[in-house]
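The structure appears right after this line, and notes come after that.
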Amino acid sequence: MKEGDFNQVKDQAGPCGIACGACVLGNGTIAETAEKTKEHITGYGIKEWAPATPGGGDLNWAETERTLDWMIQNANCAGCERGGGPPDCAIRTCSGDKGFELCSQCDGLDDCSEFDWLQDYGKTLKGILRDNRGLSKEEYVERQLANS
Ligand code: SF4
Ligand code: SF4
């Protein structure tokens, strides 16, 4: 993780229960991984020996580097509370309208269909929220970061 990125999101959580500091987009892990991959390509001379391996001669290294550069620059998230995530996230809109910081504060959580687009992960998040009912957002974030 990148310390600067983590520090920007460590106090944030989505109402859906995602602790932004534990998210690899929020804490800079994805961007950092792309940076390291780029270093490894150069450091281990991968471009030079790849053509001797099956399929290695067909790779487009300029495109690979362009993709990694894009990830280094853009694969990060400001955090849910600062507008990260999908701009039209229904969970954020609904909980905001109801005045909840976390959906664990909502009596309708069990039957809520706003999590459906997250598929199985949505069910997992609901379970985590259910298990942590009663915690303030600060307590919730602290617990999630300790568990990550
Ligand atoms: S944008 Fe939506 S899904 Fe993403 S963290 Fe925020 S509430 Fe959760
Ligand atoms: S209905 Fe309740 S649980 Fe569902 S998104 Fe809105 S606030 Fe969250």
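Each value in this text was obtained by applying a stated rule to the coordinates, not by laboratory testing. This one's a predicted model, so the numbers in the text were calculated from it and none came from an experiment. Neighbour counts are summed over all protein chains in view; Cβ atoms, including those assigned to glycine, are modelled from backbone coordinates with ideal geometry.
Quick one: is W117 in a helix (DSSP H, G or I), surrounded by fewer than 16 Cβ atoms within 10 Å (Cβ to Cβ), in contact (Cβ under 8 Å) with a residue 12 or more places away in the chain and of a type in the set (F, W, Y)?
yes
Please verify whether segment 61-79 includes one or more residues that are out of contact with any helix residue (DSSP H, G or I) (no Cβ under 9 Å at 6 or more places or on another chain) and assigned to a loop (DSSP other than H, G, I, E, B). Walk me through it before giving the result.
First, pick out the residues of segment 61-79 that are out of contact with any helix residue (DSSP H, G or I) (no Cβ under 9 Å at 6 or more places or on another chain): 62-63, 66.
From what's left, assigned to a loop (DSSP other than H, G, I, E, B): none.
No; the residues of segment 61-79 include none that is out of contact with any helix residue (DSSP H, G or I) (no Cβ under 9 Å at 6 or more places or on another chain) and assigned to a loop (DSSP other than H, G, I, E, B).
Mind listing whichever residues of segment 21-31 are part of a helix (DSSP H, G or I) and either touching a helix residue (DSSP H, G or I) at 6+ places or on another chain (Cβ under 8 Å) or small (G, A, S) (or both)?
Residues of segment 21-31 that are part of a helix (DSSP H, G or I), as a first pass: 21-22, 29-31.
Hits for segment 21-31 are G21, A22, I30, A31.
What's the total number of residues in segment 85-102 that are charged (D, E, K, R), more than 20 Å from V9 (Cα to Cα) and in contact (Cβ under 8 Å) with a residue 12 or more places away in the chain?
Total satisfying the criteria: 0.
Every residue, every condition in (1) among the charged types (D, E, K, R); (2) away from ligand 2 (no atom under 16 Å from the Cβ); (3) in contact with a helix residue (DSSP H, G or I) (Cβ under 8 Å, 6 or more places away or on another chain); (4) closer than 26 Å to I30 by Cβ, yes or no:
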residue	(1), (2), (3), (4)
I41	no, yes, yes, yes
Y44	no, yes, no, yes
G85	no, no, yes, yes
F115	no, no, yes, yes
L118	no, no, yes, yes
L125	no, no, yes, yes
L129	no, no, yes, yes
V141	no, yes, yes, yes
Q144	no, yes, yes, yes
